[in-house]
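Read the structure below first, then the notes.
The values are calculated or read from the model by the stated rules, or taken from the named source; none is laboratory data. Being a predicted model, the structure only gives us computed values, none of them experimental. Cβ sites come from the backbone with ideal geometry, for glycine too, and all protein chains shown count toward neighbours. The area values use the complete protein model at the heavy-atom level, side chains included, leaving out ligands, DNA and RNA. Shrake-Rupley method; radii C 1.70, N 1.55, O 1.52, S 1.80 Å.
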There are 2 protein chains.
Amino acid sequence: MPKKSADLISAIQDTADQALDQRVLLSLVGYNLKRAYLSIMPVFEKRMAKYELRPVDFTVLSLLKANPNIQQKRLSAAINVSPPNLATLLDKLEGRHLIQRQRNPLDKRSQTLVLTEDGARLCDKAEKTASDLEIAASNKLTVAERAELIRLLQKIA
Amino acid sequence: MPKKSADLISAIQDTADQALDQRVLLSLVGYNLKRAYLSIMPVFEKRMAKYELRPVDFTVLSLLKANPNIQQKRLSAAINVSPPNLATLLDKLEGRHLIQRQRNPLDKRSQTLVLTEDGARLCDKAEKTASDLEIAASNKLTVAERAELIRLLQKIA
DNA sequence: TATTGTTATACTCTATAACTATA
DNA sequence: TATAGTTATAGAGTATAACAATA
């Protein structure tokens, strides 16, 4: 509801001085999730960039380490990346000799995935970096709070 | 580390039967944040789509309601949308007569933003929808847990 | 010269349709 | 006919550079 002249000027001055009122948005879980995510991810991305890994690449390597010989289909569902997009992602990792696709002898349509030795080495380093970072990134929380946060997040998802 | 023939077959069968091991990833706050976010946002987006609002459009309307006559610069910083992207976003909202840009008489470079009457009405409805949804979306949490989750998320951000 | 906001554009991410090879 | 994976492509979201108007 637009104002005119003097009213507008004083309204602008008032608004500029005040702290931003975000009470409604900050009462919503989704808004807080996004803010928290945006505040911690840039650091993580920066660290992973040293290994030329995006967060999703790290996720794939770490899942392959823990689940060798997993099928692409299952990986795709687990990490919420569509089969077409996963295919190109895996092309890149395979091109860097970090993973290997193996035709499944039981069903030649499907492929199973494993880390190469290079991939396993890189994954170990990246996981170490991630867990180091985890401590630094959540230094605003106590150990108990961090555990509680993770528990609540897993309850939602 | 690729296997051959019989070994591979039994490895594949084992992997296919087992639950996916995500322990490393699930120990990281960032991974859990993303999973929680992805699990609650589709519902929110669907509801907001009825008002032809994306989450970020809702955020802008709600912030303008609570902070009339805010400058674009400040809004841009608050919601993490770059000035060029905010400009086109505001173009669309202004084209729908939901908001209005006003040249700041104190500094003609800047513009301040307000909701129109239509915008205020739509924002009220959308905020009502959001808070209704909030209860349904976080029904896996108790009231106390939800409050604690929000508190911890705000500590991180 | 610096700042606010805009335009134009490029880059990344995500989503969809159509194809292959196997079953 | 159905499924796993791929290719190609389109769309949304995000980032950057160059510009106009004002300070």
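Take A:PRO42 and tell me if it is touching a Phe, Trp or Tyr at 6+ places or on another chain (Cβ under 9 Å), more than 7 Å from every other protein chain (Cβ to nearest Cβ) and not acidic (Asp, Glu).
Considered against the rule, which asks whether it is touching a Phe, Trp or Tyr at 6+ places or on another chain (Cβ under 9 Å), more than 7 Å from every other protein chain (Cβ to nearest Cβ) and not acidic (Asp, Glu), A:PRO42 comes out as no.
Which one is farthest from the other protein chains (Cβ to nearest Cβ) among residues in segment A:7-23 that are within 15 Å of B:ALA77 (Cβ to Cβ) and of a type in the set (A, V, I, L, M, F, W, C)? Filtering segment A:7-23 for residues that are within 15 Å of B:ALA77 (Cβ to Cβ) and of a type in the set (A, V, I, L, M, F, W, C), the one farthest from the other protein chains (Cβ to nearest Cβ) comes out as A:ALA19. In this entry, A:ALA78 is excluded by the filter for residues that are more than 19 Å from the chain's Cα centre (by Cα), hydrophobic (A, V, I, L, M, F, W, C) and modelled with pLDDT of 95 or more. So in segment B:142-157, with the set limited to residues that are over 17 Å from A:ALA144 (Cα atoms) and either more than 7 Å from chain A (Cβ to nearest Cβ) or modelled with pLDDT of 95 or more (or both), which one is surrounded by the most Cβ atoms within 10 Å (Cβ to Cβ)? Of everything passing the filter in segment B:142-157, B:THR142 is surrounded by the most Cβ atoms within 10 Å (Cβ to Cβ).
Quick check: anything in segment B:61-68 part of a loop (DSSP other than H, G, I, E, B), under 16 Å from A:ASP17 (Cβ atoms) and more than 8 Å from DNA strand C (Cβ to nearest atom)? Taking every residue of segment B:61-68 in turn, at least one turns out to be part of a loop (DSSP other than H, G, I, E, B), under 16 Å from A:ASP17 (Cβ atoms) and more than 8 Å from DNA strand C (Cβ to nearest atom).
Run down A:GLN71, A:GLN13, A:GLN18 and say which single residue is among the polar types (S, T, N, Q) and touching a strand residue (DSSP E or B) at 6+ places or on another chain (Cβ under 8 Å).
None of the other options fit; the residue is A:GLN71.
Within the option set B:ARG47, B:ARG121, being surrounded by fewer than 13 Cβ atoms within 10 Å (Cβ to Cβ) and part of a helix (DSSP H, G or I) holds for one residue only, B:ARG121.
Return yes or no: is B:GLU127 open to solvent by less than 60 Å² (accessible area, probe 1.4 Å), away from DNA strand C (no atom under 16 Å from the Cβ) and over 20 Å from the mean Cα position of the chain (by Cα)? Taking the combined requirement at face value, the residue does not satisfy it.
Can you tell me which residue within segment A:87-113, out of those that are outside any loop (DSSP other than H, G, I, E, B), open to solvent by less than 40 Å² (accessible area, probe 1.4 Å) and within 10 Å of DNA strand C (Cβ to nearest atom), is farthest from the other protein chains (Cβ to nearest Cβ)? By that ranking, first place goes to A:ALA87.
Select from segment A:90-122 the residues that are among the hydroxyl-bearing types (Ser, Thr, Tyr) and more than 9 Å from DNA strand D (Cβ to nearest atom) and list them in ascending order. Across segment A:90-122, the qualifying residue is only A:THR116.
Tell me the residue from A:LEU149, A:LEU90 that is among the aliphatic types (A, V, I, L, M) and free of Cβ contacts under 8 Å to residues at least 12 places away in the same chain, please.
Being among the aliphatic types (A, V, I, L, M) and free of Cβ contacts under 8 Å to residues at least 12 places away in the same chain holds for just one of A:LEU149, A:LEU90, which is A:LEU149.
Against the test of being more than 15 Å from DNA strand D (Cβ to nearest atom) and buried (at least 19 other Cβ atoms within 10 Å of the Cβ), the options B:ASN69, B:ASN139 yield a single qualifying residue, B:ASN69. Evaluating B:THR15 against the criteria (1) within 15 Å of DNA strand D (Cβ to nearest atom); (2) within 30 Å of A:ALA19 (Cα to Cα); (3) surrounded by 15 or more Cβ atoms within 10 Å (Cβ to Cβ) leaves one unmet condition, (2). Scan segment B:124-144 residue by residue and report those that are of a type outside the set (A, V, I, L, M) and part of a helix (DSSP H, G or I). Of everything in segment B:124-144, those that are of a type outside the set (A, V, I, L, M) and part of a helix (DSSP H, G or I) turn out to be B:ASP124, B:LYS125, B:GLU127, B:LYS128, B:THR129, B:SER131, B:ASP132, B:GLU134. In segment B:54-66, the residue that is farthest from B:ALA130 (Cα to Cα) out of those that are facing another protein chain (nearest Cβ under 7 Å) and away from DNA strand D (no atom under 16 Å from the Cβ) is B:ALA66. Might you check whether a residue that is outside any helix (DSSP H, G or I), open to solvent by less than 70 Å² (accessible area, probe 1.4 Å), at the interface with chain A (Cβ under 10 Å from one of its Cβ atoms) and touching a helix residue (DSSP H, G or I) at 6+ places or on another chain (Cβ under 7 Å) occurs anywhere in segment B:24-39? Yes, because at least one residue in segment B:24-39 is outside any helix (DSSP H, G or I), open to solvent by less than 70 Å² (accessible area, probe 1.4 Å), at the interface with chain A (Cβ under 10 Å from one of its Cβ atoms) and touching a helix residue (DSSP H, G or I) at 6+ places or on another chain (Cβ under 7 Å).
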